[in-house]
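Engineer: Let me begin by handing over the structure; questions about it come next.
The values are calculated or read from the model by the stated rules, or taken from the named source; none is laboratory data. All values reported here derive from a predicted model rather than from experimental measurement. Here the Cβ positions follow ideal geometry from the backbone for every residue, glycine too, while neighbour counts run over all protein chains shown.
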Amino acid sequence: MRKNIVAGNWKMNMTIPEGENLINEILKESISNQTILIVAPPYPNLVTTSLLLKNSKIKLAAQNCADKDKGAFTGEVSASMIKSTGAEYVILGHSERRAYYNETDQIINSKIKLALKAGLKTIVCCGEVLSERESNKHFDVVSKQLKGMFDGITPTDFENIIIAYEPVWAIGTGKTATSDQAQEMHKFIRENIKSAYGNEIAENTSILYGGSCKPSNAKELFNNADVDGGLIGGASLVAKEFIEIAKSF
């Protein structure tokens, strides 16, 4: 049975002291055991956050990893390094990585394989930009992304894969996909996974919504049959908002 998941992507926010304060605020709150709560701070915060979360049920993720295992790649951070910090998850293929750093489906595919090899669970992102949505190409775009990112990924691998749908046009713009639009795409993604890996894996794969999810719309989004939670950006930087979203199930 698939899990309800709320993952907070801090992006390039929070110094180490600021991150510690935020985690301590989050730890004061309580949520249902039916919901998995994940925080994804910047790389420098991973070790200190891991220590703060040691005796809690909250999980730790990194926001990215390198597409190489090790070597002379200045400034990069490998999946095995991330695993050594105490993190259990890594976010891969985020739309900002695609847009600003030219990551392709093939690069993301390499990262997924290295992350899984290192023992990390992966939150793999897909989604269309505004022009693709307006030209009615959104299903084709997402289908192509899924096929490229999961090339060579086995059914067993899917035990450690979460998918996040990001309508890129709704990230940081104040726009949000309607509840119906979210459900429509999430159902389409699940059908893609079913075609490639079978019904059992499709039904057990959590699919998160990642487009300006906030306390005011989380309940409506999460009420959809194929929306299993959210990948939260701005609202994850405020403890009360993040927890309120997590309580929306």
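Engineer: Any idea how many residues of segment 10-25 are in contact (Cβ under 8 Å) with a residue 60 or more places away in the chain and closer than 17 Å to residue 37 by Cβ? Quick ask: steps written out before the conclusion?
Structural biologist: Let us first name the residues in segment 10-25 that are in contact (Cβ under 8 Å) with a residue 60 or more places away in the chain, namely 10-11, 13-14, 22, 25.
So of that shortlist, the ones also closer than 17 Å to residue 37 by Cβ come out as 10, 14, 22, 25.
Residues flagged as in contact (Cβ under 8 Å) with a residue 60 or more places away in the chain and closer than 17 Å to residue 37 by Cβ within segment 10-25 amount to 4.
Engineer: Would you check which residues across segment 1-38 are closer than 30 Å to residue 199 by Cα and of a type outside the set (Val, Ile, Thr) and list them?
Structural biologist: 1, 2, 3, 4, 7, 8, 9, 32, 33, 34, 37
Engineer: Within the set of pairs 6+ apart or on separate chains, which have a first residue in segment 172-193 that is β-branched (Val, Ile, Thr), a second that is modelled with pLDDT under 95, and C-beta atoms under 8 Å apart?
Structural biologist: Going by the 8 Å Cβ cut-off, the qualifying pairs are 173/212; 176/170; 176/211; 176/212; 176/213; 176/217.
Engineer: Considering segment 25-67 alone, what residues qualify as being under 16 Å from the mean Cα position of the chain (by Cα) and of a type in the set (S, T, N, Q)?
Structural biologist: Scanning segment 25-67 gives 35, 63, 64.
Engineer: Considering only residues that are under 16 Å from residue 40 (Cβ atoms) and either among the hydrophobic types (A, V, I, L, M, F, W, C) or surrounded by fewer than 17 Cβ atoms within 10 Å (Cβ to Cβ) (or both), look in segment 209-242 and name the one that is nearest to the chain's Cα centre (by Cα).
Structural biologist: Only one residue tops the list, namely 231.
Engineer: Go through (1) touching a Ser or Thr at 6+ places or on another chain (Cβ under 9 Å); (2) crowded, with 16+ Cβ neighbours inside 10 Å; (3) of a type in the set (Val, Ile, Thr) one by one and return the number of the condition residue 173 breaks.
Structural biologist: (2)
Engineer: Restricting segment 1-42 to residues that are touching a Phe, Trp or Tyr at 6+ places or on another chain (Cβ under 9 Å), small (Gly, Ala, Ser) and more than 19 Å from residue 166 (Cα to Cα), which is surrounded by the fewest Cβ atoms within 10 Å (Cβ to Cβ)?
Structural biologist: Per the criteria, the residue is 32.
Engineer: Looking only at segment 55-85, which residues are free of Cβ contacts under 8 Å to residues at least 24 places away in the same chain, closer than 19 Å to residue 16 by Cβ and not small (Gly, Ala, Ser)?
Structural biologist: 81 - this is the single residue of segment 55-85 that is free of Cβ contacts under 8 Å to residues at least 24 places away in the same chain, closer than 19 Å to residue 16 by Cβ and not small (Gly, Ala, Ser).
Engineer: Any idea how many residues of segment 95-104 are within 16 Å of the chain's Cα centre (by Cα) and either touching a residue at least 24 places away in the same chain (Cβ under 8 Å) or surrounded by fewer than 18 Cβ atoms within 10 Å (Cβ to Cβ) (or both)?
Structural biologist: Matching residues across segment 95-104 total 3.
Engineer: Read through the list (1) buried (at least 16 other Cβ atoms within 10 Å of the Cβ); (2) more than 15 Å from residue 10 (Cα to Cα); (3) touching a helix residue (DSSP H, G or I) at 6+ places or on another chain (Cβ under 8 Å); (4) among the small types (Gly, Ala, Ser), then give the number of the only condition that residue 206 fails.
Structural biologist: With (1) buried (at least 16 other Cβ atoms within 10 Å of the Cβ); (2) more than 15 Å from residue 10 (Cα to Cα); (3) touching a helix residue (DSSP H, G or I) at 6+ places or on another chain (Cβ under 8 Å); (4) among the small types (Gly, Ala, Ser) applied to residue 206, the lone miss is (3).
Engineer: So which residues in segment 46-65 are small (Gly, Ala, Ser) and crowded, with 20+ Cβ neighbours inside 10 Å?
Structural biologist: As a first pass, look at segment 46-65 and keep what is small (Gly, Ala, Ser): 50, 56, 61-62.
61, 62, listed by residue number.
Engineer: Another question, if that's okay. Check segment 85-94 and report whether any residue there is touching a Gly at 6+ places or on another chain (Cβ under 8 Å) and either crowded, with 16+ Cβ neighbours inside 10 Å or among the hydrophobic types (A, V, I, L, M, F, W, C) (or both).
Structural biologist: Residues of segment 85-94 that are touching a Gly at 6+ places or on another chain (Cβ under 8 Å), as a first pass: none.
No, because not a single residue in segment 85-94 is touching a Gly at 6+ places or on another chain (Cβ under 8 Å) and either crowded, with 16+ Cβ neighbours inside 10 Å or among the hydrophobic types (A, V, I, L, M, F, W, C) (or both).
Engineer: Might you check whether a residue that is among the β-branched types (Val, Ile, Thr) and crowded, with 21+ Cβ neighbours inside 10 Å occurs anywhere in segment 150-158?
Structural biologist: Let us first name the residues in segment 150-158 that are among the β-branched types (Val, Ile, Thr), namely 153-154, 156.
Within this subset, residues satisfying the condition of being crowded, with 21+ Cβ neighbours inside 10 Å are none.
Checking segment 150-158: not a single residue is among the β-branched types (Val, Ile, Thr) and crowded, with 21+ Cβ neighbours inside 10 Å.
Engineer: Which members of segment 23-58 meet the condition of being of a type in the set (D, E, K, R) and farther than 18 Å from residue 235 by Cβ?
Structural biologist: Initial filter on segment 23-58 (of a type in the set (D, E, K, R)): 25, 28-29, 54, 57.
Residues satisfying the conditions are 54, 57.
Engineer: Hey, another quick one. Hey, could you check segment 116-149 for residues that are hydroxyl-bearing (Ser, Thr, Tyr) and more than 19 Å from residue 40 (Cβ to Cβ) and say which is surrounded by the most Cβ atoms within 10 Å (Cβ to Cβ)? Steps first, please.
Structural biologist: Residues of segment 116-149 that are hydroxyl-bearing (Ser, Thr, Tyr), as a first pass: 122, 131, 135, 143.
Next cut, more than 19 Å from residue 40 (Cβ to Cβ) only: 131, 135, 143.
Details: 131: 10, 135: 11, 143: 16.
The qualifying residue surrounded by the most Cβ atoms within 10 Å (Cβ to Cβ) is 143.
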